[in-house]
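J.: Got a structure for you, questions after.
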Amino acid sequence: MAPRRPPPEETHVRFTNTNRSLASNPRCLVLLLTAAAVSLGSTAHAQTLRYGLSTRVEVHLLPAVSTGPLDPAWSPDGRWIAFSMRGDIWKVPAGGGEAIALTQGPGYHFEPSWSPDGTRLALSVDIGGNLDIGVVSAAVGGGTVDLLTSHPQVDVQPAWSADGRSVYFTTSRNGDLDIFKVDVETRDKTPVVSGRGNQIQPSVSPNGDRLAYIAPVRGLLGSGGIWVLPLDSGNARLVHYEETSYRARPQWTPDGSALIYVSDAAGSNDLAIVPASGGNRVRLTEDPMDEYAPVVSPDGATVAFVSNRAGPTLLYTMPLGGAASSTWNEVPISSRRARVPMATLRGEVLGVNGTPTPARIYLIASDGRAYTPDGGFHRVSSVNEVHYFHTRGTFEVQVPAGTVSIEAVRGFEFTPVSTTVDVPANGAAQVRLEMQRLADPPANGWYAGDTHVHDLHQGRFGLTQEEFFYQLVADDLRVANDLIHMDGTKLMGRWADLTGESYQLSNADYILRYSQEFRGSFGHVGLLGLQEFIMPLIGGARGTAYAADVLKVRYLDEARAQGGIGGFMHPYNGSVDDIGTAAQSDIPIHVALGKGDFFDVVSIASDELESAKIYYRMLNSGLRIPATGGTDNFSNAWRDPSGGTARTYARIDGPLSFDSWIEAVRAGRTFATNGPLLFVEVGGREPGSEILLDGDDSSSLHVHAELISIAPVDRIEVLVNGAVAHTVRPTGDGTRMEIDVQVEVPDGGWVAARAIGPSNRYIGDNYAFAQSTPVYVVRDGTPYTSAADAEFLIQVIDTIWARVEARNAWRTAAEKQAYRNEVERARMVYREAVRNARR
């Protein structure tokens, strides 16, 4: 039977049981999904992380390990509420009391869904980094998890069918996220809803005849609208759209008349309800913090949900009609009954002066899982699956009895220190970790900063400014630039935080300053040191009043006018040897126009070696811009590394201040890194300097480089005009190197160094990397240029222009002409570089 044709507005494809032959035919499925993709046009795809999905999906959608309850589920008799917490599934009486664990390590367990008969819970489980669907007994004490799926791709968000025979779930086994169901008895898997983009968060109506879920809405922003699909016949219908951010998670009321979900239309995540047949939403909560995962009690009277108003999530109930936050009923957890004997570990981290010091902690208990102190923020770095939490110096954590391994890490300048300790059942143990310096860059004026961090970005933990600040201190990040911005049309951050002054807890050693990120259609720019916002915050955003493609010239100029600096964030992913891929960003236009003060060669959201290729081509076109590092992390999201994972080391004269650090970046006295400390001199000059050679001056220059690293590197490469002039490999463990080499620069140009190493548990990126800003060499008053590199960048600019011209999103002919004029000015700069190139 041929598949039913979706309605014109639908961008996803549904399958029924009668279409299983089509679904099992890869060629037919690919053709069908390709047709859906073509009807939508192309969409830029973010960096992929551990599971090969987009950044937003992995950071915001995938289930989290937490110290507070998440994803509550009512038992069918209304007596119990199940939830995930501390890596397990628990149940607690609906009125509060002792929480009883139903699972245990070594896996992490999430997203409980109660079977219709109340005897079992479906769940998602992370075993060895693989997310699958399983079931466990709902009886007191739980039991062994029985896996329903075992697939290398992501399987999450289980939801029982009304007859209890199947479990619906979200899976990435076909690329994007689709909705399948698995027969509990036979383990047969059947696709239910599929298509281009992500179909997520399935919820079956009480009588089993309809499926609600989130899926894209053509031409509109966000993770999708709420769709309802009749399961026996018919097509999916869009019942509500708003710009969602992977948190909507619609759930049915027991009478099947309405869907309760999470709405962030008002600026925070609130609970809302909408008729299942479509209509207007009604907002049920109005707290300034966030509410998540609502589920209605079987009698239809009460909603259970979690809120991060206290930091870690707490479990609440309220009437279905909504309530003021002051009247919510917290479901108290008086105690916890684990399935294994537990114990208490107390620890302290001491600094070089012998007093408690903030640090990041890696802790693995006897069951192979990571644990975090009660009320703490449990996090994981996706690239290496290292779980961690931050401490201000002392901590207490409940762990399964047995041997615990524990390690303290503090930025790039301290040697990680680890130990193991045996913790007796129902007893306690104490551990002390003493940090020692690996290097002391501040003694020579080098201070670590980050050009690009975010504190608030749709994470489920209620992160305060104070807690955020001490995260940065724990990672020994001296200067942090938190960039307030819009994701789609959602503000990420708080308007009031950009004051032109450093955050109130900043001091002589650690500085936090709020500034702005402008997000355009061909890349983003960071605007550091602003006194006030430069509006609007977005450009080239389809479906908004700011859909017109704009360059960032005005933003970069105004940043300088306010005394700040502007630069280029997470520049490039994919092979930029391809013109089309290189044209993903308009950076070469702005640098040619003399706009922009830094270039983030290092970022977790881009590929350092690919970004460096464009960086070198611009340098080879006679342009100058400092190399920097900006993480682009989401500090309140659990699956993300810390601020300072990518760093800019800037050398300043005199004491550290925000202004002195900014001026050092502007001057190019920098190197960028995600771990290795790389100090470089060329001809006795520091990065950002210029060497003038005239007449018979020798073209041979001495390069000295010193490397000190918390993680091994494979090599240091000395670069002359983008070509590797020397490769030096370590003779020891790759954590310390010192090299002295001579390079020839007969035509002038630039000399720099970089360090490259493998992935490592201390590196929050795909591989270790550091890049120095060049020392510039001018021979006989004429800057070096490469015709080939300048010609390449001209082709990149032409490709960008062709794309924006085809899009034609400008409001007026004058806007189009202004854009074209800047493009032509940039082309002239590169054309001049071609003419001046030595043949």
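J.: Roll a 1.4 Å probe over the protein heavy atoms and report the accessible area of R542 in Å², nearest 10.
T.: 100 Å²
J.: Another question, then. What order do K189, K552 take when sorted by accessible area (1.4 Å probe), most exposed first? Don't skip to the answer; put the middle values down first.
T.: On the way: K189 75, K552 0 Å².
From most exposed to least exposed: K189, K552.
J.: Next up: Take the Cα gyration tensor of the stretch 515-559, multiply each eigenvalue by 5, square-root it, and list the three semi-axes largest first, rounded to whole angstrom.
T.: Listed largest to smallest, the semi-axes of the stretch 515-559 are 19, 10, 8 Å.
J.: Sequence-distant or interchain residues sharing an amide H contact under 5 Å with I89, placed H: which?
T.: Long-range HN contacts for I89: L102, T103.
J.: What is the Cα centroid distance between the stretch 743-760 and the stretch 410-455, reported in whole angstrom?
T.: Taking the Cα centre of each part, the stretch 743-760 and the stretch 410-455 sit 31 Å apart.
J.: Name the shape class, rounded, prolate or oblate, that the alpha-carbon gyration tensor gives for the stretch 584-646, where a ≥ b ≥ c are the square roots of its eigenvalues, rounded holds for a/c under 1.5, and otherwise prolate holds if a/b is larger than b/c and oblate otherwise. Before the final figure, lay out the partial values.
T.: Numbers: a/c = 2.66, a/b = 2.35, b/c = 1.13.
Prolate is the answer for the stretch 584-646, as a/c is 1.5 or above and a/b outweighs b/c.
J.: Now a separate question. So, R0 is 56 Å and r is the distance between the beta-carbons of R831 and R283; what FRET efficiency does that work out to, to 0.05?
T.: Efficiency computed from Cβ-Cβ geometry: 0.50.
J.: With a/c under 1.5 counting as rounded, go ahead and sort the stretch 550-665 into rounded, prolate or oblate using the C-alpha gyration tensor (a ≥ b ≥ c being the square roots of the eigenvalues; past the cut-off, prolate if a/b is larger than b/c, else oblate). Could you put the intermediate results ahead of the total?
T.: Numbers: a/c = 1.64, a/b = 1.13, b/c = 1.45.
Oblate shape, in that a/c is at least 1.5 and b/c is the bigger or equal ratio.
J.: Tell me, what is the 1.4 Å probe accessible area of S642, in Å² to the nearest 10?
T.: It works out to around 0 Å².
J.: Right, next: If packing is taken as the average number of other Cβ atoms within 10 Å across a peptide's residues, how do 365-372, 511-518 rank, most packed first? Working shown, then result.
T.: Values: 365-372: 21.0, 511-518: 25.1.
In decreasing order of mean packing, 365-372, 511-518 become 511-518, 365-372.
J.: Please compute, for the alpha-carbon atoms of the chain, the extent along each of the three principal axes and give them in descending order in Å.
T.: Sorted largest first, the three principal extents are 91, 66, 48 Å.
J.: Quick check: from the Cα gyration tensor, does the stretch 650-806 come out rounded (a/c under 1.5), prolate or oblate?
T.: Details: a/c = 1.43, a/b = 1.16, b/c = 1.23.
Judged from the Cα gyration tensor, the stretch 650-806 comes out rounded (a/c under 1.5).
J.: Sorted by average packing, counted as other Cβ atoms within 10 angstrom per residue and highest first, what order do 684-696, 644-656, 133-145 take?
T.: Numbers: 684-696: 15.3, 644-656: 22.5, 133-145: 17.9.
The packing order, highest mean first, is 644-656, 133-145, 684-696.
J.: I would also like to ask the following. Rounded to the nearest 0.05, what FRET efficiency do E744 and S268 give with R0 = 51 Å and r taken as the Cβ-Cβ distance? Could you check?
T.: On the way: r = 60 Å, r/R0 = 1.18.
Result of the calculation: an efficiency of 0.25.
J.: So, one more: How would V352, V383 line up by accessible area, probe 1.4 Å, largest first? Spell out each step's value before the answer.
T.: Values: V352 95, V383 60 Å².
So, going from the largest accessible area down, we get V352, V383.
J.: State in Å² the accessible area per residue of the chain; use a 1.4 Å probe, count heavy atoms of protein chains only, and round to the nearest integer. Let's see the in-between values first.
T.: On the way: 29310 Å² over 839 residues.
Heavy-atom accessible area per residue stands at 35 Å².
J.: Can you sort D509, D287 by 1.4 Å-probe accessible area, starting with the largest?
T.: Numbers: D509 80, D287 15 Å².
Listed by decreasing accessible area, they come as D509, D287.
J.: Now a separate question. In the stretch 92-136, whose amide N lies under 11 Å from the spot 7 Å out along Cα-to-Cβ of S335? List them in ranges.
T.: So the set is 98-99.
J.: Anything in the chain that counts as a DSSP H helix reaching 18 Å or more along its axis (C-alpha) with Kyte-Doolittle mean of at least 1.0? List them, would you? Before the final figure, lay out the partial values.
T.: On the way: long enough: 26-40 (21 Å, 1.85); 787-807 (30 Å, 0.45); 813-836 (34 Å, -1.25).
Passing helices, by number: 26-40.
J.: Using the basic label-point model (7 angstrom from Cα toward the beta carbon), what is the T499 to R165 distance in nanometres?
T.: Here the answer is 6.3 nm between the modelled labels.
J.: Can you give the FRET efficiency for R838 and T727, using 1/(1 + (r/R0)^6), R0 = 22 Å, r = Cβ-Cβ distance, to the nearest 0.05?
T.: Numbers: r = 26 Å, r/R0 = 1.16.
So, using R0 = 22 Å, E works out to roughly 0.30.
J.: Here is a follow-up. Mind checking the full-extension length gain between I579 and S418? Use 0.36 nm per residue of separation minus the Cα-Cα distance, one decimal, nm.
T.: Values: separation 161, 0.36 × 161 = 57.96 nm, distance 4.70 nm.
Between I579 and S418, full extension yields an extra 53.3 nm.
J.: Counting Lys and Arg as +1 and Asp and Glu as -1, each charge on the Cβ, what is the dipole of the chain about the Cα centre in debye, to the nearest 20?
T.: On the way: 73 positive and 95 negative charges, 364 e Å.
Roughly 1740 debye, rounded to the nearest 20.
J.: Give the accessible area for I406 in Å² (nearest 10); use a 1.4 Å probe, count only protein heavy atoms, and leave out ligands, DNA and RNA.
T.: Its accessible surface works out to 0 Å², give or take rounding.
J.: For a distance above 23 Å, tell me the whole-number percent of Cα pairs in the stretch 307-407 that qualify.
T.: 43 percent
J.: Taking +1 at the Cβ of each Lys and Arg and -1 at the Cβ of each Asp and Glu, which of P254, S233, S223 sits farthest along the dipole of the stretch 217-267 towards its positive end, judged by Cα position relative to the Cα centre?
T.: Ranked along the dipole, the leading option is S223.
J.: While we're here: Could you tell me what percent of the DSSP beta bridges with both partners in the chain are antiparallel, to the nearest 5? Please list the in-between numbers first.
T.: Values: 167 of 200 bridges.
That works out to approximately 85 percent antiparallel.
J.: Find how much the distance from L147 to S257 grows on full extension, using 0.36 nm per residue of separation minus their present alpha carbon separation; answer in nm with one decimal. If you can, show how the numbers build up before the last one.
T.: Values: separation 110, 0.36 × 110 = 39.60 nm, distance 3.30 nm.
Here the segment from L147 to S257 would lengthen by 36.3 nm.
J.: Quantify, in whole percent, the carbon and sulfur part of the accessible surface of the chain (1.4 Å probe; protein heavy atoms only).
T.: Working: 14180 of 29310 Å².
Carbon plus sulfur share of accessible area: 48 percent.
J.: Once the Cα atoms of the stretch 779-831 are picked out, what are the Rg and Dmax in Å?
T.: Spelled out, the Cα radius of gyration and Dmax of the stretch 779-831 are 14.3, 48 Å.
J.: Let me have the relative contact order for the chain, percent, based on Cα pairs under 8 Å that are six or more residues apart. Spell out each step's value before the answer.
T.: Numbers: 2301 pairs, mean separation 68.1, N = 839.
In percent, rounded to a whole number, it is 8.
The values are calculated or read from the model by the stated rules, or taken from the named source; none is laboratory data. Not measured: the values here are computed from a predicted model. Cβ atoms come from the backbone with ideal geometry, glycine included; neighbour counts cover every protein chain shown. All accessible areas refer to the heavy atoms of the entire protein, side chains included, with ligands and DNA or RNA removed. Shrake-Rupley method; radii C 1.70, N 1.55, O 1.52, S 1.80 Å.
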